[in-house]
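Remarks on the structure that follows.
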Amino acid sequence: MSSVNLHSDLFLHYYKAWGGVEDYESENLGIPDFFQRVPQDNEILPAKLREDARSALLERKSLRLLSNVELQEFWYLLERYHSPPTVNGEKFMDYENFRKASKEASPKAKQYFTAATFVKLLREDEVLSRINILTFFNYVMKKVWLQQTHVGISLYDVCGEGYLRETDLENYMLELIPTLCQLSDLEPTFQTFYVCTAVRKFFFFLDPLRSGRVRITDILASGFLDSMLELREVSTSEAQLAANWFSHQSAVRVYGSYLLLDEDRNGLLTRSELSRFGNGTLTDVFLDRVFQEC
């Protein structure tokens, strides 16, 4: 018996022993699989195979993205092919130079030099039919950021189906908090409340059917994550922090307002206690719906 056949037999043996199910029927009929069932907790080897395959896929996607050095080279390329004249110090590029720059761009950057992108960034008041190179660069930066963030969040997608459960999103938040300098003063005892509050905002708006999970694409499109990542900026004014729902100041304000309603200090709000929120502006219908949901 060859080593290849031996390895194949051993793999099938342990695959079935550790929970894998072999689909003989579809294999014999020559029908390809159109649906891959998510392995259960007791299916050890299939779950591990799925996890490793997903990690390899995310790594490949990450390697296709422009790095910081490549983004800098991309900017130098745009400056080199800008089309005079400048307007108030801003540089522009016509379509001819746009095509020339695309030929010199790196393989990773070529995907952004499309006619559709040029037309999308073309302003109606630009009489010379040029695009602002800074606008183009910011567009590419935003695309790269979204793709990087999508890959980063997908690492917490345990099932690998493009969704995050509450526990998955909580784990992501816990890993994200240390990178947000505006949350450096967050006390460990308050962190649990902060994470719970932040996660509930995502689920309240992005999971209207209360399915217990939100799509990663919806998280990226909602703009909530953008607001959270603004807390990475060191030079953020107090007014901006006060307006940011995810800031430390905002979380403390929300926590304090509910703490004042908790008369018996048991950590829970009764219907009568919640009815005093906002000087009694909550309607009976709203209160009934809140406690029906809870």
Pair list, Cβ under 9 Å, 6 or more apart: segment 176-190 residue touching a residue at least 12 places away in the same chain (Cβ under 8 Å), other residue exposed (fewer than 10 other Cβ atoms within 10 Å of the Cβ) and in a loop (DSSP other than H, G, I, E, B): Cys181/Val234; Gln182/Val234
Selected residue (criterion: modelled with the lowest pLDDT) from residues of segment 33-47 that are surrounded by 13 or more Cβ atoms within 10 Å (Cβ to Cβ) and more than 10 Å from Cys159 (Cα to Cα): Glu43
Say we look at segment 168-193 and pick out the residues that are hydroxyl-bearing (Ser, Thr, Tyr) and modelled with pLDDT under 95; which of these is surrounded by the fewest Cβ atoms within 10 Å (Cβ to Cβ)? Thr189
When segment 177-193 is checked residue by residue, the ones that are in contact with a helix residue (DSSP H, G or I) (Cβ under 7 Å, 6 or more places away or on another chain), of a type outside the set (S, T, N, Q) and either within 19 Å of Leu225 (Cβ to Cβ) or part of a helix (DSSP H, G or I) (or both) are Ile177, Leu180, Cys181, Leu183, Leu186, Phe193
Any idea which of Glu293, Glu233, Glu263 is within 19 Å of the chain's Cα centre (by Cα), modelled with pLDDT under 90 and not small (Gly, Ala, Ser)? Glu233
Of the residues that make up segment 137-154, is at least one outside the structural domain of Arg37 (by TED's automatic domain parsing), assigned to a loop (DSSP other than H, G, I, E, B) and surrounded by fewer than 14 Cβ atoms within 10 Å (Cβ to Cβ)? no
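The values are calculated or read from the model by the stated rules, or taken from the named source; none is laboratory data. All values derive from a computational prediction rather than experimental measurement. Methodologically, a virtual Cβ is constructed for each residue, glycine included, from the backbone with ideal geometry; neighbour enumeration extends over all protein chains shown.
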